[in-house]
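*Asks:* Next up is a structure, given as structure tokens.
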């Protein structure tokens with residue numbers, strides 16, 4: 001999938017900052033509510049609030065923002081394994097703690113691609129998500145990170161576009177987990193020459 005934009009459209013892929021907290025939090029919330037179309041699904045019960053997003057966006061070197069014409073339309077929230085340990089010690093990332101414990105049993109140095117959103121929907125399938133993942137891999141590799149993990153919804157509904165995207169980028173399913181009655185595929189990509 002190739003990113004093709006009209007010449008008069010400005011696209012920017014940049015690191016996130018604390019100035020993005022409110023906008024990113026609203027984009028993610030609006031996306032979840034539009035996708036689930038139900039505030040009482042149980043999925044949002046432990047979902048991060050703006051205070052947790054402040055810690056997610058403020059302190060994480062690998063978070064990315066996608067902008068079109070100076071308007072934020074997407075984000076990819078990432079954590080290095082060191083950042084994950086710091087977040088958990090501060091009482092954050094508890095929603096994903098079981099998954100993260102599983103990952104630390106596999107590897108002690110990795111990047112977790114935690115949450116990716118392009119919203120509104122009209123900007124999807126234009127290549128923005130792929131650009132954010134590729135940029136994460138590039139940034140992480142410069143810092144010596146060779147292993148990358150993400151979690152994709154597979155039950156009750158399967159996020160086919162995300163599965164296809166990550167599979168096309170070389171990620172493979174290594175485990176499945178259940179959180180709040182939802183099934184998730186844990187995917188892994190190694191930049192090492194050998195496959196784990």
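*Asks:* For region 134-196, rounded, prolate or oblate, judged on the Cα gyration tensor with a ≥ b ≥ c (square roots of eigenvalues), a/c < 1.5 rounded, else prolate if a/b > b/c?
*Replies:* prolate
*Asks:* Estimate the FRET efficiency between residue 168 and residue 11 by the formula 1/(1 + (r/R0)^6), using the beta-carbon distance for r and 25 Å for R0, to the nearest 0.05.
*Replies:* 0.75
*Asks:* Could you list 100, 191, 68 in order of exposure, starting from the residue whose Cβ has the fewest other Cβ atoms within 10 Å?
*Replies:* Starting with the residue having the fewest Cβ neighbours, the order is 191, 68, 100.
*Asks:* How would 128, 79, 104 line up from fewest to most surrounding beta-carbon atoms within 10 angstrom?
*Replies:* 104, 128, 79
*Asks:* For labels at residue 106 and residue 86 in the simple 7 Å Cα→Cβ model, what's the distance in nm?
*Replies:* Between residue 106 and residue 86, the simple spin-label model gives 2.4 nm.
*Asks:* Then there's this: Give, as ranges by residue number, the residues of region 71-112 whose backbone N falls under 17 Å from the point 7 Å along Cα→Cβ of residue 176.
*Replies:* Within reach of a label on residue 176, which here means backbone N under 17 Å from a point 7 Å along Cα→Cβ, region 71-112 contributes 99.
*Asks:* Still on this model: Sort 162, 89 by Cβ crowding within 10 Å, fewest neighbours at the top.
*Replies:* Going from least to most buried by this count: 89, 162.
None of the figures in this text is laboratory data; all of them are computed from the coordinates on show. Owing to the predicted nature of the structure, the values given are computational and were not obtained by experimental measurement. Reconstructed Cβ throughout: ideal geometry from the backbone, glycine too, with neighbour counts over all protein chains shown.
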